[in-house]
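Student: Okay, handing you the structure first.
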Amino acid sequence: MKVWIVDQNANLTYYAYSLALGLAENGCEVAIVTRADYQWVNESHEHKKISILESFLPISMRLIKRFSFFQRFQFLRMLIKSIEYPFGYISFFINYLKNQPDVIHFQYANIPIVELVVFKILRLKKKCFLYTAHNLVPHRKITANDFFYPLVYQQISHFIVHSHKNKEDFHQFYKIPLESIEVIPHGNYNAYIDNEETTQQEARQELGLSPDRKIVLFFGIIFKFKGLEYLISAMNRVRVDPDPLLLIVGKPIEGFGDYDRKIKALGLDNMIRKCLEYVSNHELSLYFKAADIVALPYTRTTQSGVILTAFSFGKPVIATSVGSFPETVIQGETGYLVPPCDEESLGQAITDILNDGEKLKEMGCAAKRHSDEVYDWVHIGKKTMKLYQKILEDKNRQF
């Protein structure tokens, strides 16, 4: 079976490449259709059944790399990408005619009005394609583009979501028939650690962190809905000796001033360390290895790759009972779930786990075992391939 995984702007490089590996291990011939200067193009050459088609944004990526002012001004990067983006589908359709994939698997609609036209063409030509809804509702502020999503989704016959809660929400929000939605979980993040033999103490030494303090990690792009303000307040309630350290690692999208003021007001400067920028894969590995637990105090969400990253590194999580988190976290075994917006419960859960070294170790082992068994990419690739086969069979029966 020839499969295209479409990740137009390389927004989901890890997911797309890991899914491609899982499908290839199940016998599929896979191409990742993406933008120029793709992050993992070299790795693909090591696997004979995976190829990379860099159809999108070749001019934009060259300009961004060549001229430094594009690095400084995000709106300029977005402008030139938006102008060039629709032309990427010319290369897309030329490559389609050359390669004739059996299935096209889209990961998102980058500019929904453009994908609306593309999906209409594919539907009129009776091509087999499907869509994974990673984020049911956009994290950012609603824009004019978002009004096109219902129209885009009307062109698609099959969807993948990552949890049963997401399936119900997607059905309710967009009126998608339940029989059109398949639940296939997101896979683990073992690729980040396969070649990393660094111990926890070595990771802490490289990051300049204390070898003795317990460390709580908050990781990922910082949006207000991720509830960082409640985690900061909760740290003031944690009772561990010596005082634990909260590591905040991620780029703030809506500024960090309010959080800084809260940290100062509570006198927590010595309990918090910040790295407010994107980090490399190696740095990501160091931060997760250095941590004892990972905190996700979200006020709302669909799902989060941070939980599965924590599990891949053998770290238990303290998360809120929102979105698909109750399906992902086994209460008392791979982590603890607390109510959202409840700094008292959050602080108590952190205190309990950090003060019980044996329980902390047991939960870390359980998290790693859960990651390897339930979220294995070969298993996910097999489930996804079965869905492809079903879609192709349905199509053949219709025509």
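The values are calculated or read from the model by the stated rules, or taken from the named source; none is laboratory data. This structure is a prediction, so every number in the text was calculated from the model and none was measured. Here the Cβ is made from the backbone with ideal geometry for all residues, glycine too, and neighbour counts use every protein chain on show.
Student: Identify, from the list VAL238, VAL216, the residue that is in contact with a Ser or Thr (Cβ under 6 Å, 6 or more places away or on another chain), modelled with pLDDT of 95 or more and crowded, with 19+ Cβ neighbours inside 10 Å.
Tutor: Testing whether each residue is in contact with a Ser or Thr (Cβ under 6 Å, 6 or more places away or on another chain), modelled with pLDDT of 95 or more and crowded, with 19+ Cβ neighbours inside 10 Å leaves just VAL238.
Student: Report yes if TYR131 is closer than 20 Å to ILE176 by Cα, surrounded by fewer than 20 Cβ atoms within 10 Å (Cβ to Cβ), of a type in the set (Phe, Trp, Tyr) and under 24 Å from the mean Cα position of the chain (by Cα), otherwise no.
Tutor: no
Student: Could you tell me which residue of the stretch 5-43 is surrounded by the most Cβ atoms within 10 Å (Cβ to Cβ), considering only residues that are under 14 Å from GLN107 (Cβ atoms) and more than 20 Å from the chain's Cα centre (by Cα)?
Tutor: VAL30
Student: Report every pair of residues separated by at least 6 positions or lying on different chains whose Cβ atoms are under 8 Å apart, first residue within the stretch 61-78 and within 19 Å of GLN39 (Cβ to Cβ), second hydrophobic (A, V, I, L, M, F, W, C) and not in a helix (DSSP H, G or I).
Tutor: Between residues of the stretch 61-78 that are within 19 Å of GLN39 (Cβ to Cβ) and residues that are hydrophobic (A, V, I, L, M, F, W, C) and not in a helix (DSSP H, G or I), the close pairs are MET61/ALA36; ARG62/ALA36.
Student: Out of all the residues in the stretch 194-247, which are under 29 Å from ARG300 (Cβ atoms), assigned to a loop (DSSP other than H, G, I, E, B), of a type outside the set (Lys, Arg) and touching a helix residue (DSSP H, G or I) at 6+ places or on another chain (Cβ under 7 Å)?
Tutor: Selection gives GLY220, VAL238, VAL240, PRO244.
Student: Residue by residue through the stretch 106-121, note down the ones that are over 12 Å from LEU151 (Cβ atoms) and of a type in the set (Phe, Trp, Tyr).
Tutor: Those that are over 12 Å from LEU151 (Cβ atoms) and of a type in the set (Phe, Trp, Tyr): PHE106, TYR108.
Student: Moving on to the next point. Kindly indicate whether any position in the stretch 258-280 is surrounded by 18 or more Cβ atoms within 10 Å (Cβ to Cβ) and either closer than 22 Å to LYS368 by Cα or of a type in the set (Asp, Glu) (or both).
Tutor: Checked against the condition, which is being surrounded by 18 or more Cβ atoms within 10 Å (Cβ to Cβ) and either closer than 22 Å to LYS368 by Cα or of a type in the set (Asp, Glu) (or both), the stretch 258-280 yields no hits at all.
Student: I'm trying to understand the selection: among the residues of the stretch 295-322, which are touching a Gly at 6+ places or on another chain (Cβ under 8 Å), modelled with pLDDT of 95 or more and among the hydroxyl-bearing types (Ser, Thr, Tyr)?
Tutor: Of everything in the stretch 295-322, those that are touching a Gly at 6+ places or on another chain (Cβ under 8 Å), modelled with pLDDT of 95 or more and among the hydroxyl-bearing types (Ser, Thr, Tyr) turn out to be TYR298, THR299, THR320.
Student: Same structure, new question: Residue check: is LYS141 surrounded by 14 or more Cβ atoms within 10 Å (Cβ to Cβ) and at pLDDT below 95?
Tutor: no
Student: In the stretch 331-350, which residues are in a loop (DSSP other than H, G, I, E, B) and within 18 Å of LYS226 (Cα to Cα)?
Tutor: PRO339, PRO340, CYS341, ASP342
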